[in-house]
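Student: Pasting a structure below so you can have a look.
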Amino acid sequence: MQTMTGARPADTAGKTLGIIVFLLGVVMLIGVFVLAYLDLVAAAQASALSRLLNLPATLLYKGALLFIMGIVSSAIANKGIALYQAARPSE
């Protein structure tokens, strides 16, 4: 196979690693959505007194943690895409 000057061949290991890291980020994002759904269902099933006293603080705390988890998992998925693109052959 002849390559042009400045072109580089595809890196199969890099592409595979990029796809794996991207899928890991997607699985983590799905996990965040499942956790958020379970927390909302649990909050709806709490008693009236419990909801009045504990719900705002609990939801704020859990919401902040879920938000951070969402940002981290999105960043991981983004790095997977970057790895995949870096391993592709340049034209």
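The values are calculated or read from the model by the stated rules, or taken from the named source; none is laboratory data. Just so you know, these numbers come straight off a predicted model, no measurement behind them. Counting neighbours? That spans all protein chains shown, and the Cβs are built from the backbone with ideal geometry, glycine included.
Student: Could you tell me which residue of the range 1-31 is modelled with the lowest pLDDT, considering only residues that are of a type in the set (Gly, Ala, Ser) and more than 13 Å from the chain's Cα centre (by Cα)?
Tutor: Across the range 1-31, the extreme among qualifying residues is GLY6.
Residues checked against (1) hydrophobic (A, V, I, L, M, F, W, C); (2) in a helix (DSSP H, G or I); (3) in contact (Cβ under 8 Å) with a residue 12 or more places away in the chain:
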site	(1), (2), (3)
LEU29	yes, yes, yes
PHE33	yes, yes, no
LEU38	yes, yes, no
LEU55	yes, yes, yes
TYR61	no, yes, no
MET69	yes, yes, yes
GLN85	no, yes, yes
PRO89	no, no, yes
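Student: Looking at the range 44-91, which of its residues are among the aromatic types (Phe, Trp, Tyr) and touching a Lys or Arg at 6+ places or on another chain (Cβ under 6 Å)?
Tutor: TYR84
Student: Same structure, new question: For residues that are at pLDDT 85 or above and polar (S, T, N, Q), scanning just the range 32-79, find the one that is surrounded by the most Cβ atoms within 10 Å (Cβ to Cβ).
Tutor: Step by step, filter the range 32-79, then rank; the result is SER73.
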